[in-house]
1. Based on C-alpha coordinates, I'd like the Rg and Dmax of the range 109-295, in Å.
2. Want the number for residue 159 to residue 114: 0.36 nm per residue separation, take away the alpha-carbon distance, what's left?
3. Averaged over every viewing direction, what's the projected area of the C-alpha convex hull for the range 223-265? Give it in nm², one decimal, please.
4. How much length would be gained if the chain were fully extended between residue 132 and residue 85, taking 0.36 nm per residue of separation minus their Cα-Cα distance, in nm to one decimal?
5. Packing-wise, with mean Cβ within 10 Å as the measure, how do 231-237, 268-274, 284-290 rank, highest first?
6. Seen from all sides and averaged, what is the projected area of the convex hull of the Cα atoms in the range 167-263, in nm²?
7. May I ask you to derive the relative contact order of the range 133-256, considering only C-alpha pairs under 8 Å and at least 6 residues apart, and to give it as an integer percent?
8. Residue separation times 0.36 nm, minus the C-alpha to C-alpha distance between residue 102 and residue 125: what's the value?
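Please treat every number below as a calculation from the coordinates, not as lab data. In this text, all values refer to a predicted model and were calculated from it rather than measured experimentally. Positions of Cβ are generated from backbone atoms using ideal geometry, with glycine treated the same way; all protein chains shown enter the neighbour counts.
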């Protein structure tokens, strides 16, 4: 009879225990494999996401860089255009501004008159009148200019000016003068009325000029009354042959042609040995003499 308390054989026990341990180990290995797979999959997923993110950032950076570059180019183009345009405007302003021309007196205003197409004294007077709106109070220096063959404006000299007037001035007088002269208008205050014309000539030979002016007195009024806007009537024809008189103006010797009613019509004076002034108003003669002496005291 078989003993109920008979213990299992040692080999059977070992076999049972080995089988259980093996199963557990197998299960653990399978679990570890699953965990590793999950971890590896998660790692791959994160790596892909990171790669995509980097790719997206790179594209965004390139787009931002491209747009920024376009903006910088636009700013550069605008800057070049702005400063170029500003420079051109400044150059145009400089071209439009006439340089101050040195002359016998310190003047209050400069008027430039192109007489390139002017023929005769009547055309000259009309051109002068067209500039009346540019006159200002005080001494207005009217610089007569003419374009040369190259189209450059040059100041008209004494000889051409007298030629336009068809002046009868003696040759000895014109010889005693330089080419430098000034035609101007003095716009007066309430005591002087409207603007008054004057002429200033530079003298190289005083003795010759003084003697020659006495000869020009015979026809100077006929030469200049239109230029000076002196109104005469038919009964005033005797003025063309009337004698001139000596007077003193600002302590300077002067000569005057009086009208029929005793008013002074035309005056001239050698302010110094280098300057001759001709005008139609005694008060204007005083002011021009003072202006000459202020600039060139002698």
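1. Answer for the range 109-295, Rg first and Dmax second: 16.0, 51 Å.
2. Between residue 159 and residue 114, full extension yields an extra 14.5 nm.
3. Its Cα hull, projected and averaged over all orientations, spans 3.5 nm².
4. This chain segment gains 13.5 nm when fully extended.
5. 284-290, 268-274, 231-237
6. Its average projected convex-hull area is 7.3 nm².
7. Normalised by residue count, the contact order of the range 133-256 is 21 percent.
8. Between residue 102 and residue 125, full extension yields an extra 5.9 nm.
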